[in-house]
Amino acid sequence: MKRLLAIGLPVLLAMVFIAGCSTTEPVTSTGRDTLGLQVQGAINTFKTRRPSTVYYFNHAYAYAIFPNVGGGAVGIGGAGGRGEVFQQGKLIGYCKLVQGTIGAQLGGQTFAEVIFFHTAADLADFKTGQIAFDARATAVAAASGAGTAANYEHGTMVYVLPLGGLMAQASIGGQQFTFVPLGSHGTW
């Protein structure tokens, strides 16, 4: 385990640093249009494969959706993806997800993720980077169509839908988010 930490921790930190240095907002109109189409496709997929999400897409105060998060792991892992944030049905900005994990894990996967926010205060926490999620022990076989959901906890509800790949993990780590409002060209 010491060897895994000695090798894996610097690699994991480098992955998080590199992912954190890129822009969150798609810089071209084509990039924004492509992301918008992917987001709409992911919303439709969530509504079809997880009908319980229809209510939350229509009634949550806001939501952030990541249509395609990709990641992989061999002892240490990382994942990342970009998405859009909607408040009461209107696009208000872009977001980025960076995930890092360490532990017993192997494989690669892609997944879509949506985070529903119960109140304006919950959205404000997300926008200021005050929300981070712990990674959970999972065994996701994408071909089986497995997905998870949780009730509102601390003002958020997260749904994840596997899109492809195979990942087995029992790890610790977390997800960190960055938000950029529409029209801003900030970088992180």
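Observations, loosely collected:
- Meets criteria (at pLDDT 90 or above and part of a helix (DSSP H, G or I)) for Leu13: no
- Trp188 fulfils the conditions (1) at pLDDT below 85; (2) surrounded by 15 or more Cβ atoms within 10 Å (Cβ to Cβ); (3) among the aromatic types (Phe, Trp, Tyr); (4) within 20 Å of Gly78 (Cβ to Cβ) except for a single criterion, (2).
- Selected residue (criterion: surrounded by the fewest Cβ atoms within 10 Å (Cβ to Cβ)) from residues of the range 96-124 that are of a type in the set (A, V, I, L, M) and under 16 Å from the mean Cα position of the chain (by Cα): Leu97
- Residue among Ala120, Ala132 that alone is more than 16 Å from Gln38 (Cα to Cα) and at pLDDT below 90: Ala132
- Cross-chain or 6+ apart pairs with Cβ under 6 Å, the range 99-119 first and small (Gly, Ala, Ser), then crowded, with 18+ Cβ neighbours inside 10 Å: Gly100/Leu12; Gly100/Gly78; Gly100/Gly173; Gly103/Ser171; Gly107/Met167; Ala112/Ala42; Ala112/Pro67; Ala112/Leu161
- The set of residues from the range 33-42 being in contact (Cβ under 8 Å) with a residue 24 or more places away in the chain and either assigned to a strand (DSSP E or B) or β-branched (Val, Ile, Thr) (or both) comprises just one member, Val39.
- Sole residue being of a type outside the set (Lys, Arg), more than 13 Å from the chain's Cα centre (by Cα) and either under 15 Å from Val180 (Cα atoms) or surrounded by fewer than 21 Cβ atoms within 10 Å (Cβ to Cβ) (or both), chosen from Gly77, Gly89: Gly89
The values are calculated or read from the model by the stated rules, or taken from the named source; none is laboratory data. These numbers were taken from a predicted model, which means no experiment stands behind them. Glycine also receives a Cβ, built like all others from the backbone with ideal geometry; neighbour counts cover every protein chain displayed.
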